[in-house]
1. What is the ratio of the Cα radius of gyration of region 35-101 to 2.2 N^0.38 Å, with N the residue count, to two decimals?
2. Of the candidates Leu143, Leu65, Leu24, which one comes out as most mobile in a Gaussian network treatment of the chain with C-alpha springs shorter than 10 Å?
3. Give me, ordered by chain and number, the residues 5 or more places off Leu40 or on other chains with an amide H under 5 Å from its own placed amide H.
4. Can you give the local net charge around Asp4? Use residues other than it whose beta-carbon is closer than 12 angstrom to its beta-carbon, Lys and Arg +1, Asp and Glu -1.
5. Sort Lys84, Lys25 so that the residue with the fewest other Cβ atoms within 10 Å of its own Cβ comes first and the one with the most comes last.
6. Nearest 500 deg cm²/dmol is fine: what mean residue ellipticity at 222 nm does the chain get from its DSSP H runs of n ≥ 4 alone, each adding -39,500 (n - 2.57), divided by its residue count?
7. Out of Ser35, Ser52, Ser85, any idea which swings most in a Gaussian network model of the chain, alpha carbons joined below 10 Å?
8. How big is region 93-150 in terms of Cα radius of gyration and Dmax, in angstroms?
Amino acid sequence: MIEDIKKDANERMQKCVLALRNELKKLRTGRAHPSLVDHLKVDYYGSNTPLSQVARINVEDARTLVVTPFDKGMVQVIEKAIMKSDLGLMPNTAGTVIRIPMPPLTEERRRDMTKVVRNEAEGARVAVRNVRRDVLNDVKELLKEKLVTQDEDHRAQDEIQKLTDKYIAEIEQVLVEKEKEVMQV
């Protein structure tokens, strides 16, 4: 029973770290990357559809993304969605191809982005700690019902704390890597 609880905790904590990585991919670091615009929604014949489902997104060079819509009538809609986004990008349209140049980041903007990165990392840490709390409550519940001994309870608490420490350290590593990437000129 405790093994199942620990396995569940491990999976949930892994998902917290994965969610952080996915969230940080969306942050613009001055380099072109398809995940920057992947999450944008466009009006595709009356329904909000992710950009990646209505167009091909490629990297032309280090500072330029190229968006090629599958449907030629979607060019203006995609262009408008990119301009309305909070990314601060200005697309250039040439026929059916949309080029998105990445403007260089200022020092002030880089510092603001590190604050956002730290905030996201703190959210991931809180999520991992919440998983720990939930799992420890489950173990306490087993102890109350006398399904485990006190020794097993203490051992499980120690193992869950080690698991928590491992994933908090992994979050710290992701944070350091992203801060370094953001501050790199």
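Since every read-out is calculated from the coordinates, none of them should be taken as a lab result. Here the structure is a predicted model, which is why all the values come from computation and not from measurement. Note: ideal-geometry Cβ built from the backbone for every residue, glycine included; neighbour counts use all protein chains shown.
1. Cα-based Rg divided by the globular estimate yields 0.98.
2. Per the Cα network of the chain with a 10 Å cutoff, Leu143 tops the list.
3. Leu51
4. Working: positive: Lys6, Lys7; negative: Glu3, Asp8, Glu11, Asp138.
Residues near Asp4 contribute -2 overall.
5. With the fewest neighbours first, Lys84, Lys25 line up as Lys84, Lys25.
6. -21000 deg cm²/dmol
7. Looking only at Ser35, Ser52, Ser85, the biggest GNM fluctuation is shown by Ser85.
8. Cα radius of gyration and Dmax of region 93-150 are 23.7, 71 Å respectively.
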